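Q: Take a look at the following structure, please.
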Amino acid sequence: MQRATAVLLVLALAPAAQAVTWTLDPNHTSVQFSVRHMMVSTVRGGFDKVTGTVEEDPADLGKSKVEATIDAASVDTRVAKRDDHLRSPDFLDVAHHPTITFRSKRAEKAGAGRWRLVGDLTLHGVTKEVVLDVEGPTATVKDPMGSLRAGVHATTTIDRKDFGLVWNRALDGGGVVVGDEVAIAIDAEATRPAN
C-alpha cells in the first residue's frame, strides 16, 4: 500500500508535458480566398501579412491552441482598384477593422492526418464560429538554420453576409456582382527552436 501511494505521489508531482509554442512563418504561410464574380467566373485573392502561434499539447493534439492575425489592408487580388474597393467601407472597412483574427476553441480528430479545428473568426468586427478542415500536421523537419518546421493545409467556406459584408449590385438579366460564399484555403508553415 505504501509503495502504491509513493508511485501516485511521484506521478502527481511529475511535471506535465509542456506545451510547445510554434510561430507561423509569414514568408511561408498564405491565406487565400475565392468568390464568384458576376455569376460567370471566380476571383481569387489573398492576404500578404499573416502572423500567429500554435500552442501544441504533445500529450493531446486535440487540446492544442491556434491564434492567427491577418492585416486586412494586405488584401491582394492583383487588381489595385479592386483591392482599394475591398479595403473600403463597402467590404473590409480596414480603417475601422484593421485585423482579421482566428482563435481556436477545440480540435476534433477527423481521420488519419485530418482534423476539424473549431474556433472564432472575427472579420469586419463580427465574430462567428467556423470550422476549418485541416490536413496535417506534416512530419517535422529541421531546416538549414537548425529550427524545426511543420505545416498544415486547411480549408473552410463562409457566407460573407454573416460577417456584415453585404455590398452587392444586381445584374441586368438576373444575378449579382459578388457571390455570398467565400472559399478560404490556408497553407501554414510553423517553426520553433529545436531544443
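Q: State which residue is surrounded by the fewest Cβ atoms within 10 Å (Cβ to Cβ) when the search covers only the stretch 144-158 and only residues that are modelled with pLDDT under 95 and not small (Gly, Ala, Ser).
A: Pro144
Q: Continuing with this model, one more query. Can you work out which of the residues in the stretch 128-150 that are small (Gly, Ala, Ser) and touching a residue at least 40 places away in the same chain (Cβ under 8 Å) is nearest to Ala107 (Cα to Cα)?
A: Ala150
For every residue, the table says whether it meets (1) under 17 Å from Lys65 (Cβ atoms); (2) of a type in the set (A, V, I, L, M, F, W, C).
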| position | (1), (2) |
| --- | --- |
| Phe91 | no, yes |
| Ala95 | no, yes |
| Glu108 | yes, no |
| Val134 | yes, yes |
| Gly146 | no, no |
| Thr157 | no, no |
| Arg160 | no, no |
| Gly173 | no, no |
| Pro193 | no, no |
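Q: For residues that are among the small types (Gly, Ala, Ser) and in a strand (DSSP E or B), scanning just the stretch 83-140, find the one that is surrounded by the most Cβ atoms within 10 Å (Cβ to Cβ).
A: Restricting to residues being among the small types (Gly, Ala, Ser) and in a strand (DSSP E or B), the top hit is Ala107.
Q: Return the pairs, sorted by first residue and then second, in which the second residue is part of a strand (DSSP E or B) and aromatic (Phe, Trp, Tyr), the first residue lies in the stretch 50-67 and is more than 18 Å from Ile100 (Cβ to Cβ) and touching a residue at least 24 places away in the same chain (Cβ under 8 Å), the beta carbons are less than 7 Å apart, and the residues are 6+ apart or on different chains.
A: Pairs found: Glu56/Trp22.
Q: What number of residues in the stretch 151-172 are β-branched (Val, Ile, Thr), over 22 Å from Asp187 (Cβ atoms) and part of a strand (DSSP E or B)?
A: 0
Q: Determine if the stretch 161-173 includes at least one residue that is in contact with a His (Cβ under 8 Å, 6 or more places away or on another chain), crowded, with 17+ Cβ neighbours inside 10 Å and under 18 Å from Leu86 (Cβ atoms).
A: For the stretch 161-173, residues in contact with a His (Cβ under 8 Å, 6 or more places away or on another chain), crowded, with 17+ Cβ neighbours inside 10 Å and under 18 Å from Leu86 (Cβ atoms): present.
Q: For residues that are over 19 Å from Arg78 (Cα atoms), surrounded by fewer than 16 Cβ atoms within 10 Å (Cβ to Cβ) and among the aliphatic types (A, V, I, L, M), scanning just the stretch 16-39, find the one that is modelled with the lowest pLDDT.
A: Out of the qualifying residues, it is Ala16.
Q: Is it the case, given these coordinates, that Thr42 is part of a strand (DSSP E or B) and either over 20 Å from the mean Cα position of the chain (by Cα) or over 20 Å from Trp22 (Cβ atoms) (or both)?
A: For Thr42, the condition - part of a strand (DSSP E or B) and either over 20 Å from the mean Cα position of the chain (by Cα) or over 20 Å from Trp22 (Cβ atoms) (or both) - is met.
Q: While we're here: If only one of Thr191, Thr138, Thr127 is more than 17 Å from Gln32 (Cα to Cα), at pLDDT below 95, touching a strand residue (DSSP E or B) at 6+ places or on another chain (Cβ under 7 Å) and not charged (D, E, K, R), which one is it?
A: Thr138
The values are calculated or read from the model by the stated rules, or taken from the named source; none is laboratory data. Quick caveat: nothing in here was measured; it's all calculated off a predicted structure. No Cβ is skipped: glycine too gets one built from the backbone with ideal geometry, and neighbour counts run over all protein chains shown.
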